[in-house]
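Chemist: The structure's right below; bear with me while I get my questions together.
Rule-based calculations on the coordinates, nothing more; no lab input. Here the structure is a predicted model, which is why all the values come from computation and not from measurement. FYI the Cβ positions are ideal-geometry reconstructions off the backbone, even for glycines, and counts take in every protein chain you see.
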Amino acid sequence: MKISIEWLRDYVDLPGDIAQLRQDLTMAGLVVESVEQANGAPVLEIEVTANRPDCLSYLGVAREIAALYRGHLRAIPLAKALRRDGERIPYSIEIHDPDLCPRYVGLLLDGIRVGPSPDWLQKRLQASGMRPVNNVVDITNYVLLEVGHPLHAFDFDRLRQGRIVVARARQGQRMVTLDGVERVLDGEMLLINDGGGPVAIAGIMGGRDSEINGATDKVLLECAYFTPASIRRTSRKLGLSTEASYRFERGADWNGPTTAIARACYLIRRMARGRIAGNCRDVYPSPIAPVEIELSGQRTESLLGVRLAPEFIESTLKRLYFKPVRKGKGRWLVQCPSHRADMELEADLIEEIARFHGYQHIPPTLPPGRVAGKLSASFAYESAVRNILIGLGYHETVNLSFAGDADIRRFPLREEGAPLEIRNPLTEDTQYLRGSLAPGLLRNARHNFNHDVRQLRIFEIGKVFCRDTEGAIVERNALGILGTGGFAGKNWLHTAGEYEFFHLKGVVTTLLSGLRCAGAEVTPASQIPWLNDSRRSALLVDGKCLGVLGALHPSLEEELKLKQPVFLAEIDLQSLCGHLFAPARYRPLPRFPAVERDLSVLVPMEISYGTLREGILARGIPELASIDLMDVYEGEQIPAGKAGITVRLTFLDREGTLTVDRVQSFSDNIRAFLQEEYGAAFR
C-alpha cells in the first residue's frame, strides 16, 4: 500500500522525522518496506498483512498513527444531507441474495459535468499507484483509498430500468466488464443488475455498458458490503483481481458504505457540480451486530509475560476505537469497531495491547517445561507402521486432505457411501475431503518421474473421509503404500529387476508380521476399478476386507501420464489396529534338524497355489513346519490347461530326529491328497 506523506497529513499530525515514523509503524505491526519520492514528497510503501484490511486506506493508517502518538484523528468533510424533499428521479434497490450482500447503499446525482480532475487529486492518485481517468471515476478511486471502502459509479441513463437488483448470476450467463473482456459466470457469482441484465460483477468490476463517459450527466453511486468468501471465490474463478476485490475479500467495514457515499457526494458536488436527484437508499435487511469479546487482564499478562495496569489496557483499546466495559476486577466486555474484521478471539485483543505496549518491551522467556496433552490412542500403531516401513526403505509423505472431481471419479469409494463435499472450496481441486490416499501418492510419483527419479518407495498415514448410507460423516485413519521402478540397485554382479506386484505383497505381509497381526491373508480380489484386473488382491483379516493392493489400472496410467508401472496398497489402518500386537509367543530353537522335500505337480490352471497350500495345511500334519512356492512353469512339455508347480515342504519334529520313513509317509499323504482332491499329476 503506497501512502503519500503529504496526503496523510490531512488526517493526523506526523512527526518531523520520517525515519522515526517508519520505525515506529514497523514496530507496531505495519511494516514500512521503503520510503520513495513522488511529486517531490515522500511516499511510504507499507506491507499490510491479510488480517488488517482496515489499514488498506489513508484513514486506517492515520488511525494507527493517532493511537501510536496519542494524537487526534481529524474528521473528513462529508455531505450533510443525503435526502431532499421532492425527489426528482425515483429509483429502487432490491437485494435477492442477502447472504452474499447484506447491505447496499445507493445515491443518485444529476447535473454532473464529467471532465479532468483537479491537478492535486490527480497527483495524489498517481502517488498512490492509480491512473487518473475523469473527475467522477477519480473521486470513487480517491474515496476508496481514503476511507478503504470500494464504491462504483453507474451512468444512470444507461441503466435499462432505472433500478438495481443484487442477485446471483445464472449458470453460464455472460457479461462484458470494463476491461473489454467477456466473462462467463456461474450460479455462485453475485451480479449487480439493472432489471434488464447485469451491469457489474459485485465487488470486483463494473460493466462496460454502464461506464461513465463524457456525455454522462446522471450518476448512480453505489456502495455495499459483500461477504468476503463470495468475492474471494468469484475473483479466483474469474482470475480477476481489482483494488475493490482486494479489499472486499479481506473484510470491508459493514458500517462504511454510508460514510463512503457521503464523502463521494461531497467531492462530486465540489468538482463535478452534482446535485442530489434521488435520495440515499440504504437497503440493510438484517443489520450485523458488532463483535463482542470478553477480555481478562490475568490472561493478558499470562500470554505477554508482563504486568499491565488496567488503565493502560482500557486507554489502549479506546484509542483504537474499541469500547471496553468493565465486568469486574480485571475483566472487560469489549465491543469491537466494525472496521476491525480481524477481531474474533480474546488473543486478538491481547495482540493489540502488545503492539502498543511495544514488542521490544516484552522480555523473552522460555515456555514452562510441563508436558501438555497425551499421546493419541493410535500413536503406538502409527509409530510401529512408520518404523517398519522406513526400515524397509520407504519414505513417508504428507499430502493435503483434499480431492477434486477427477480424484473422486478415478478412485471411487470401496464401500457404500458418498464423497464428503466441502461447502466453500478454495479451488476446483479442493471440492471434497479425500476418500482415498492413492491420488496424493500418485501425484508424488508423477512429480518424481518428472524430475527423473524412477525408483520410488513411499507411504502415507492419514485420514480419509466419506458419508455413510445414512449421511453421517465417517473419518478413518488409512495407510497408503506406493512402489515403482528398479527393485534394487545395479552393480557388476547382477542387474536389478523391476518392482513387481509380489514385491508390494511382500512389503504388506512383512508389515503385518512385524505388527503381529493375527488371521491376516492376501487373496485374489473382486472388481476394484483403479487396479489392474490381472494383478490385484485384497487383504483379509479374520475374513473381513481391510485393504487392497495391486498394480494401477493401465487406463489410469495413461490418463495420469505416468512413465512406468506403479503398484499401490491402501489399508484401513483404523480397523486393522484392533487386530495388531497379538500376544508374543516364544519357542526354543529346535534341537533337531529339519528335512526338506520338493514336490512337483501338474494341476489345472484354474487351481491357485493358495488353494493348494490351504488344502495341504488342512491335512493337520504337526511336523509340517512350512510350505514355500519354488517354481511355476507353463510351456513346453506341459499339457494345455495345466501348470507345473514346485513346492518345498519343510518337516520338523521338536522332540526327536525325523526318520526317512516318517518323512516319506508325510509326503505320500500329501501326494495322495493332491491327486484325489485336485487330480494332480506328479513329475
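Chemist: Let me know the longest stretch in the chain that avoids all GluC sites (Glu not before Pro) found in a DSSP loop with at most 15 other C-beta atoms within 10 Å. Spell out each step's value before the answer.
Modeler: Working: sites that count: GLU87, GLU188, GLU344, GLU415, GLU416, GLU470, GLU500, GLU606, GLU634, GLU636, GLU655.
Counting at most 15 other Cβ atoms within 10 Å as exposed, the longest clean stretch of the chain is 189-343.
Chemist: If r is the Cβ-Cβ distance from LEU240 to MET605 and R0 is 56 Å, what FRET efficiency results, to the nearest 0.05? Mind dumping the intermediate values first?
Modeler: On the way: r = 63 Å, r/R0 = 1.12.
Efficiency computed from Cβ-Cβ geometry: 0.35.
Chemist: Counting only DSSP beta bridges with both residues in the chain, tell me the antiparallel percent, nearest 5.
Modeler: Values: 110 of 116 bridges.
Once the DSSP bridges in the chain are tallied, antiparallel ones form about 95 percent.
Chemist: While we're on this one: Quick one: helix 310-319 against the long Cα principal axis of the chain, what's the angle to the nearest 10°, folded into 0 to 90?
Modeler: Helix 310-319 and the main axis of the chain meet at about 70 degrees.
Chemist: So how compact is the stretch 21-160: Cα radius of gyration and Dmax in angstrom?
Modeler: 18.5, 54
Chemist: Sticking with this one: Could you work out how much longer the chain between GLN161 and THR365 gets when fully extended? Use 0.36 nm per residue separation minus the Cα distance between them, nm to one decimal. Write down the numbers at each step before the final one.
Modeler: Working: separation 204, 0.36 × 204 = 73.44 nm, distance 6.59 nm.
Net length gain for the segment: 66.8 nm.
Chemist: Just to compare against my own numbers: the Cα pair-distance distribution for the stretch 346-464, 10 Å bins, whole % per bin, please.
Modeler: 10, 24, 24, 20, 18, 3
Chemist: Something else now. For the pair ARG409 and THR646, what calculated FRET efficiency results from E = 1/(1 + (r/R0)^6), where r is the Cβ-Cβ distance and R0 = 45 Å, to the nearest 0.05? Write out the running numbers ahead of the final one.
Modeler: Numbers: r = 44 Å, r/R0 = 0.98.
Efficiency computed from Cβ-Cβ geometry: 0.55.
Chemist: Shifting gears a bit: Quick one: plug the Kirkwood hydrodynamic radius of the stretch 432-551 (C-alpha pairs) into Stokes-Einstein at 25 °C, 0.890 mPa s, and report D in µm²/s.
Modeler: Numbers: Rh = 16.2 Å.
After rounding, the answer is 151 µm²/s.
Chemist: If you don't mind, there's one more thing I want to ask. Can you put HIS579, HIS451 in order, fewest other beta carbons within 10 Å first?
Modeler: The most exposed by this proxy come first: HIS451, HIS579.
Chemist: Taking the chain as the reference, fit the longest principal axis to its C-alpha atoms, fit the long axis of helix 346-357 to the helix C-alpha atoms, and give the angle between the two in degrees, 0 to 90, nearest 10.
Modeler: Between the helix axis and the principal axis of the chain, the angle is about 60 degrees.
Chemist: Using 1/(1 + (r/R0)^6) with R0 = 25 angstrom and r between the beta carbons of TYR586 and ARG683, what's the FRET efficiency to the nearest 0.05? Walk me through the numbers on the way to the answer.
Modeler: Working: r = 40 Å, r/R0 = 1.60.
Efficiency at R0 = 25 Å is approximately 0.05.
Chemist: What is the extension gain from ARG270 to GLU292, computed as 0.36 nm multiplied by their sequence separation minus the C-alpha to C-alpha distance, in nm to one decimal?
Modeler: Numbers: separation 22, 0.36 × 22 = 7.92 nm, distance 3.96 nm.
Full extension from ARG270 to GLU292 adds 4.0 nm.
Chemist: So what are the ³J(HN,Hα) numbers for the stretch 444-456, from phi and the Karplus equation (6.51, -1.76, 1.60; θ = phi - 60°), rounded to whole Hz, Gly and Pro as x?
Modeler: For the stretch 444-456, the Karplus curve yields 4, 5, 5, 4, 5, 4, 5, 10, 6, 9, 9, 8, 9 Hz.
Chemist: With viscosity set to 1.306 mPa s and temperature to 10 °C, compute the Stokes-Einstein D of the stretch 153-228, Rh being the Kirkwood radius across alpha carbon pairs; µm²/s, no decimals.
Modeler: Working: Rh = 12.6 Å.
Answer from the Stokes-Einstein relation: 126 µm²/s.
Chemist: Label points 7 Å out from Cα along the Cβ direction at ARG307 and LYS80: separation in nm?
Modeler: Those two pseudo-labels are separated by 5.2 nm.
Chemist: Report the local net charge at VAL32: Lys and Arg +1, Asp and Glu -1, summed over other residues whose C-beta lies under 10 Å from its C-beta.
Modeler: On the way: positive: ARG22; negative: ASP24, GLU33, GLU45, GLU47.
That sum, taken over residues with Cβ under 10 Å, equals -3.
Chemist: Averaging over every viewing direction, what projected area does the convex hull of the Cα atoms of the stretch 205-283 cover, in nm²?
Modeler: Averaging across all directions leaves 6.3 nm² for the Cα convex hull.
Chemist: Moving on. Ratio of the stretch 92-283's C-alpha Rg to 2.2 N^0.38 Å, to two decimals?
Modeler: Working: Rg = 15.3 Å, N = 192, 2.2 N^0.38 = 16.2 Å.
Rounded to two decimals, the normalised Rg is 0.94.
Chemist: Tabulate in residue order the Karplus-calculated ³J(HN,Hα) for the stretch 240-252, using 6.51 cos²θ - 1.76 cosθ + 1.60 with θ = phi - 60°, rounded to whole Hz; enter x for Gly and Pro.
Modeler: Karplus values, whole Hz, x for Gly and Pro: 10, 10, 10, 4, 5, 4, 4, 7, 4, 6, 9, x, 7.
Chemist: Once the piece of chain linking LEU400 and GLN664 is laid out straight, how much longer is it, given 0.36 nm per residue of separation minus the C-alpha distance between them? Please list the in-between numbers first.
Modeler: Working: separation 264, 0.36 × 264 = 95.04 nm, distance 5.92 nm.
Answer, rounded to one decimal: 89.1 nm.
Chemist: Based only on other Cβ atoms within 10 Å, what is the fewest-to-most ordering of ARG386, ARG233?
Modeler: Lowest to highest Cβ neighbour count: ARG386, ARG233.
Chemist: Students often forget the sequence filter, so: which lysines lie under 22 Å Cα-Cα from LYS544 once same-chain residues fewer than 8 apart are removed?
Modeler: LYS463, LYS505
Chemist: With 10 Å bins from zero, work out the P(r) of the stretch 2-68 over every alpha carbon pair and list the percent per bin.
Modeler: All Cα pairs, binned at 10 Å, distribute as 21, 64, 14, 0 percent.
Chemist: Further question on the same structure: Going 7 Å from the Cα of LEU333 along its beta-carbon direction, which residues of the stretch 277-291 have the amide nitrogen within less than 17 Å of the resulting point?
Modeler: 289-291
Chemist: Something else: Please state, as a whole number in µm²/s, the translational diffusion coefficient that the Stokes-Einstein equation yields for the chain at 20 °C and 1.002 mPa s, with Rh defined as the Kirkwood radius across alpha carbon pairs. Show your work: numbers first, answer last.
Modeler: Working: Rh = 32.0 Å.
Once the numbers are plugged in, D ends up at 67 µm²/s.
Chemist: Still on this structure, I have one more. Name the trypsin sites (Lys or Arg not before Pro) in the stretch 520-624 that are in a loop by DSSP and that have at most 16 other C-beta atoms within 10 Å, would you?
Modeler: Numbers: sites: ARG535, ARG536, LYS544, LYS561, LYS563, ARG585, ARG591, ARG597, ARG613, ARG619; in loops: LYS561, LYS563, ARG585, ARG591, ARG619.
Passing sites in the stretch 520-624 are LYS561, LYS563, ARG585, ARG591, ARG619.
Chemist: Using only Cα atoms, tell me the angle between helix 58-68 and the longest principal axis of the chain; keep it within 0 to 90° and round to the nearest 10.
Modeler: 90 degrees
Chemist: If you plug each phi of the stretch 186-202 into the Karplus form 6.51 cos²θ - 1.76 cosθ + 1.60 with θ = phi - 60°, what whole-Hz ³J(HN,Hα) values come out, in order, with x for Gly and Pro?
Modeler: 10, x, 9, 8, 9, 10, 9, 10, 10, x, x, x, x, 10, 6, 8, 3
Chemist: I would also like to ask the following. If I model a spin label at GLU428 and PHE673 as a point 7 Å from the Cα along the Cα→Cβ vector, what separation in nanometres do I get?
Modeler: Output for this residue pair reads 5.9 nm.
Chemist: Taking Cα pairs under 8 Å and at least six residues apart, what relative contact order does the chain come out at, in percent?
Modeler: Relative contact order comes out at 9 percent.
Chemist: Same structure again: Would you kindly compute the Cα radius of gyration of the stretch 595-682 and its largest Cα-Cα separation (Dmax), both in Å?
Modeler: When restricted to Cα atoms, the stretch 595-682 yields Rg and Dmax of 13.4, 45 Å.
Chemist: Between rounded, prolate and oblate, where does the stretch 525-675 land on the alpha carbon gyration tensor, with a ≥ b ≥ c its root eigenvalues, rounded for a/c under 1.5, else prolate if a/b exceeds b/c? Present the calculation step by step, with values, prior to reporting the outcome.
Modeler: Numbers: a/c = 2.72, a/b = 1.45, b/c = 1.88.
In terms of gyration-tensor shape, oblate.
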